[in-house]
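Remarks on the structure that follows.
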Amino acid sequence: ERCIRDRKVGGHPTPQAGPQAIPGVRHIIAIGSGKGGVGKSTVTSNLAVALARAGRKVGLLDADIYGPSQPRMMGVSGRPASPDGQRIDPMHAHGVTVMSIGLMLKEGESLVWRGPMLMGALQQLLQQVNWGELDVLLIDLPPGTGDVQLSLCQKAPVTGAIIVSTPQDVALLDARRAIDMFNKLKTPVLGMVENMSTYICPQCGHEAHLFGHGGVAAEAESLNLPFLGALPLQLEVRLAGDSGRPAALGEGAVAEAYARLADRLVQGGIA
């Protein structure tokens, strides 16, 4: 089989007339945030695993082109194969179909690209990967409101977006910008998730609100958007992500929180 390194990645996107469906994929959900550091990629990987545990056929596309972290978080490595030199076979982990530009690079290698190269790479990851039959494809977006977000909404029929934020005001300020961007792109915002909502001391059980608490729920209410749930800040989440086995695979408060989030999307018919 030909290795993916035989293919050129990136380049100017090819013209297409409007959003193009991905064969076999029922729903596409973009996971976005206004700013970095709110745990968006962690939420995406754990939600993908939780949906798979709920019986959904799930794909995960790491579209954070400059900072692809899903290979590490999902525990996948090696180069995807391209048997015909045209289409790419994705990787599989924990019941999830995974693709990331990070799998095409050496670990630690940087991409120094302008916008057109980004858009060309995203088009390849959307349309030239053998995704198979999926109930839902989660797309882990880079933070902010830039080329990747614009290109995604122009090139794929995105079912909707989920906004991840921590509770403090500075994060919520940027979350509002992300919501405004999706509104301008006419992409439905499915709801908001509050990450790092509470911290429970493993030694004494004391509950602390390191980044505040309830700010995302209040923001969602003020914007008339669904509040999809609060996720705790726990050491096990970081350890699990670094080890390539997301915390949603296990048991306990974190896994239960992600199971509730996954169930809400399934019951809503969007996953």
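The values are calculated or read from the model by the stated rules, or taken from the named source; none is laboratory data. Predicted model only: the values in this text are computed from it and were never measured. In this analysis, Cβ positions are derived from the backbone assuming ideal geometry, glycine residues included, and neighbour counts consider all displayed protein chains. Areas reflect the complete protein model, heavy atoms only, side chains present, ligands, DNA and RNA absent. Shrake-Rupley method; radii C 1.70, N 1.55, O 1.52, S 1.80 Å.
Points worth noting:
- Matching residues in the range 34-61 - criterion: being touching a helix residue (DSSP H, G or I) at 6+ places or on another chain (Cβ under 6 Å), at pLDDT below 95 and not hydrophobic (A, V, I, L, M, F, W, C): Gly34, Lys35
- Number of residues in the range 258-267 that are open to solvent by 10 Å² or more (accessible area, probe 1.4 Å) and touching a residue at least 12 places away in the same chain (Cβ under 8 Å) equals 5.
- Top-ranked residue of the range 85-98 - restricted to ones that are in contact (Cβ under 8 Å) with a residue 24 or more places away in the chain and over 17 Å from Leu51 (Cα atoms), ranked as surrounded by the most Cβ atoms within 10 Å (Cβ to Cβ): Ile88
- From the options Leu152, Leu173, Leu126, Leu105, residue that is closer than 25 Å to Pro90 by Cα, touching a Lys or Arg at 6+ places or on another chain (Cβ under 9 Å) and not hydroxyl-bearing (Ser, Thr, Tyr): Leu126
- With respect to the conditions (1) modelled with pLDDT of 90 or more; (2) more than 18 Å from the chain's Cα centre (by Cα), Met117 lacks only one, and its number is (1).
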